[in-house]
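What follows is a set of notes on a single structure, which appears directly below.
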Amino acid sequence: MSTVQAPPAARELILRLIPQLSRFEGSDLIVTSPTNGAELARLRFDTSAEIEAKIAAAVRAFEVWREVPAPQRGELIRQFGNKLREHKEDLARLVTLECGKILEEGRGEVQEMIDICDFAVGLSRQLYGLTIQSERPHHVMQENWLPLGPVGIISAFNFPVAVWSWNSCLALVCGDSCLWKPSEKTPLTALATQALFESVAQNFPGAPEGLSSVILGAVEQGNQLVEDRRIPLISATGSTRMGKAVGPKVAARFGRSLLELGGNNAMIVTPSADLGVAIPSILFGSVGTAGQRCTSTRRVLVHRSLIDKVFETLKSAYLQIGSSKVGDPLDSSTLVGPLIDEMAFDGMQKALDAARPHAVEIVGGQRVLADRYPGGFYAHPALVRLEKQIASVHEETFAPLTYVIPYDTLEEAMRMHNEVPQGLSSAIMTTDVREAEYFKRHSDCGIANVNIGTSGAEIGGAFGGEKETGGGRESGSDSWKAYMRRQTSTTYFGKDRPALAQGIRFDV
């Protein structure tokens with residue numbers, strides 16, 4: 001139990017963003033900051049009856065909201081985007097305070113929310129179907145996209161607000177209502193975001209009560225959402241283990257699940273690579289957000305002719321980062337903040353212990369700043385040189401841990417790249433167009449980048465991956481279709497007896 005209290009400035013920030021915090025206070029959950037273990041709030045979980053009431057309210061809200069014209073629904077999201085612009089700095093600071101990412105990345109996360117609002121506003125006038133040519137005279141076929149229903153959103157701690165916005169902004173312009181179960185590690189950012197949304201929705205004509213709500217809790221509360229037949233879509237972001245539990249339960253009731261799960265991402269560095277491009281990309285991908293992105297670069301597959309040079313360059317950078325760039329995420333000179341908690345640090349040590357017998361060399365990996373922040377788990381980024389890809393590398397580790405592994409041919413590199421069970425993000429560093437195209441066609445990941453890193457994505461592209469990453473797609477492109485139902489409609493406008501399809505005759 002935390003004995004360190006957050007400074008008054010932190011408390012003022014929380015109350016400024018969540019003016020009705022007292023409504024949520026209780027003894028079920030002590031929310032602490034990963035920066036120093038300080039207590040931020042004490043919250044209560046929603047009861048089963050309260051969750052039932054929120055689901056029922058979401059159903060009623062959907063029945064109203066689906067009748068509102070889509071461009072008008074987009075106007076609500078436009079106003080919400082402007083509200084986020086007004087409160088960007090405060091919300092970014094709360095993200096940093098609660099999940100530990102550096103402030104610059106906190107600002108970037110809120111900017112993602114603003115960007116998806118802009119995307120969704122445009123989308124509200126482009127929910128296009130098709131006109132399909134019929135084989136029968138005087139018939140017209142159409143493909144219509146219609147609102148789906150209440151959407152359950154389960155989000156993870158590492159992007160505590162951006163991933164919710166990817167889902168909710170699209171769902172809301174598509175005519176759905178939303179129920180959000182945030183990570184119990186980052187509930188305050190969810191309550192703050194919900195408060196900002198409510199401040200817009202309550203003054204918006206046509207926006208019903210219950211259009212968006214937050215459910216506080218852990219596995220039990222999330223499970224109530226997952227198993228409820230009134231929620232046709234569950235969008236869940238988190239570990240593969242979580243996805244293996246959620247997916248079958250939703251499928252058993254014939255619901256849909258949109259799963260955005262683990263990653264174990266690799267970058268291939270070819271002999272033709274521009275190392276001035278490759279090295280910075282590896283560094284941000286590997287240690288940005290303390291390695292706690294699903295798109296973090298975990299494996300660097302380097303051509304044997306470059307392995308010594310690349311490893312030594314990375315080693316120098318890792319030593320510099322570990323000695324001077326790990327620290328308070330609110331400090332502008334910090335590049336790597338804390339891990340989310342002790343469990344994450346222990347997971348990093350377990351992975352290092354598994355690799356140690358096989359390693360050529362290990363740099364970093366130890367806990368740092370424990371004397372200054374006894375309640376925070378800061379880690380010196382770890383760099384592990386291996387001679388081959390070992391079994392433990394196949395497991396995702398959510399920490400600043402990078403394996404550097406040699407290869408001889410591009411075909412060998414692709415085999416190593418694809419043999420892990422996850423399939424989210426991938427990258428190649430090359431100036432050879434043939435290598436780039438070969439890579440794009442053979443990477444089994446949902447994201448395949450050329451000459452940029454594995455980490456980070458723009459909202460215009462569909463985000464997600466294959467295999468144990470879950471197959472879901474969020475954010476841009478045609479991801480909106482996940483939040484709607486497809487209907488094929490045929491209309492006959494002739495005067496004579498209509499023909500049957502495939503030339504069938506059925507005369508009576």
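The values are calculated or read from the model by the stated rules, or taken from the named source; none is laboratory data. What you are looking at is a predicted structure, and each value in this text was computed from that prediction instead of being measured. Because the Cβ atoms are built from the backbone with ideal geometry, glycine has one as well, and the counts that use them run over all protein chains shown.
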Go through (1) under 22 Å from Gly206 (Cβ atoms); (2) out of contact with any strand residue (DSSP E or B) (no Cβ under 6 Å at 6 or more places or on another chain) for Ala49 and report which single condition fails.
(1)
Which condition does Arg85 not pass, out of (1) out of contact with any Ser or Thr (no Cβ under 8 Å at 6 or more places or on another chain); (2) of a type in the set (D, E, K, R); (3) closer than 23 Å to Glu260 by Cα, if it passes all the others?
(3)
Asp176 fails exactly one of (1) of a type in the set (D, E, K, R); (2) within 30 Å of Val287 (Cα to Cα); (3) buried (at least 24 other Cβ atoms within 10 Å of the Cβ), namely (2)
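Would you mind stating whether Phe197 is surrounded by fewer than 23 Cβ atoms within 10 Å (Cβ to Cβ) and of a type in the set (Phe, Trp, Tyr)? Give the derivation first.
Details: surrounded by fewer than 23 Cβ atoms within 10 Å (Cβ to Cβ): no; of a type in the set (Phe, Trp, Tyr): yes.
Judged against the criteria, Phe197 is not a match.
Report those helices (runs of 4 or more DSSP H) wholly inside the range 93-212 carrying at least 3 residues which are among the polar types (S, T, N, Q) and touching a helix residue (DSSP H, G or I) at 6+ places or on another chain (Cβ under 9 Å).
On the way: elements: 103-123, 162-173, 187-201.
Ranges flagged: 162-173, 187-201.
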Within the bounds of the range 429-440, is there any residue that is at pLDDT 95 or above, within 25 Å of the chain's Cα centre (by Cα) and in a loop (DSSP other than H, G, I, E, B)?
no
Out of (1) surrounded by 24 or more Cβ atoms within 10 Å (Cβ to Cβ); (2) over 30 Å from Leu130 (Cβ atoms), what's the single condition that is false for Glu435?
(1)
Out of all the residues in the range 325-340, is one or more in contact (Cβ under 8 Å) with a residue 24 or more places away in the chain, in a helix (DSSP H, G or I) and of a type in the set (D, E, K, R)?
no
Pick from Ala56, Ala70, Ala92, Ala61: which is in contact with a Pro (Cβ under 6 Å, 6 or more places away or on another chain), closer than 20 Å to Glu198 by Cα and not aromatic (Phe, Trp, Tyr)?
Ala61
Which of the residues belonging to the range 86-104 are buried (at least 24 other Cβ atoms within 10 Å of the Cβ) and charged (D, E, K, R)?
Glu98, Lys101
Hey, any hits in the range 148-157 for a residue that's closer than 30 Å to Phe493 by Cβ, modelled with pLDDT of 95 or more, in the same structural domain as Ala218 (by TED's automatic domain parsing) and not small (Gly, Ala, Ser)?
yes
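For the range 475-489, which positions are loosely packed, with under 15 Cβ neighbours inside 10 Å and either polar (S, T, N, Q) or assigned to a strand (DSSP E or B) (or both)?
Passing the criteria: Ser477, Arg486, Gln487, Thr488, Ser489.
Going residue by residue through the range 404-412, is there one that turns out to be part of a helix (DSSP H, G or I) and within 30 Å of Phe119 (Cβ to Cβ)?
Of all residues in the range 404-412, those part of a helix (DSSP H, G or I) come to 410-412.
Adding the requirement that they be within 30 Å of Phe119 (Cβ to Cβ) leaves none.
Among the residues of the range 404-412, not one is part of a helix (DSSP H, G or I) and within 30 Å of Phe119 (Cβ to Cβ), which makes the answer no.
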Scan the range 106-116 residue by residue and report those that are in contact with a Gly (Cβ under 9 Å, 6 or more places away or on another chain) and surrounded by 24 or more Cβ atoms within 10 Å (Cβ to Cβ).
Met113, Ile116
One residue is enough: does the range 125-133 have a residue meeting the conditions in contact with a Ser or Thr (Cβ under 7 Å, 6 or more places away or on another chain), within 23 Å of Gly175 (Cβ to Cβ) and either hydroxyl-bearing (Ser, Thr, Tyr) or outside the structural domain of Ala399 (by TED's automatic domain parsing) (or both)?
no
As an exercise: evaluate Glu468 against (1) acidic (Asp, Glu); (2) surrounded by fewer than 22 Cβ atoms within 10 Å (Cβ to Cβ); (3) closer than 21 Å to Met267 by Cα and give the number of the one condition it does not meet.
(2)
Within the range 341-359, which residues are under 23 Å from Ile102 (Cα atoms) and either touching a Gly at 6+ places or on another chain (Cβ under 8 Å) or not in a loop (DSSP other than H, G, I, E, B) (or both)?
Glu342, Met343, Ala344, Phe345, Asp346, Gly347, Met348, Gln349
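Any chance the range 364-372 includes a residue that's in contact (Cβ under 8 Å) with a residue 60 or more places away in the chain and either hydrophobic (A, V, I, L, M, F, W, C) or out of contact with any Phe, Trp or Tyr (no Cβ under 7 Å at 6 or more places or on another chain) (or both)? Before the answer, list the steps.
Taking the range 364-372 as the starting set, the residues that turn out to be in contact (Cβ under 8 Å) with a residue 60 or more places away in the chain are none.
Scanning the range 364-372, I find no residue that is in contact (Cβ under 8 Å) with a residue 60 or more places away in the chain and either hydrophobic (A, V, I, L, M, F, W, C) or out of contact with any Phe, Trp or Tyr (no Cβ under 7 Å at 6 or more places or on another chain) (or both), so the answer is no.
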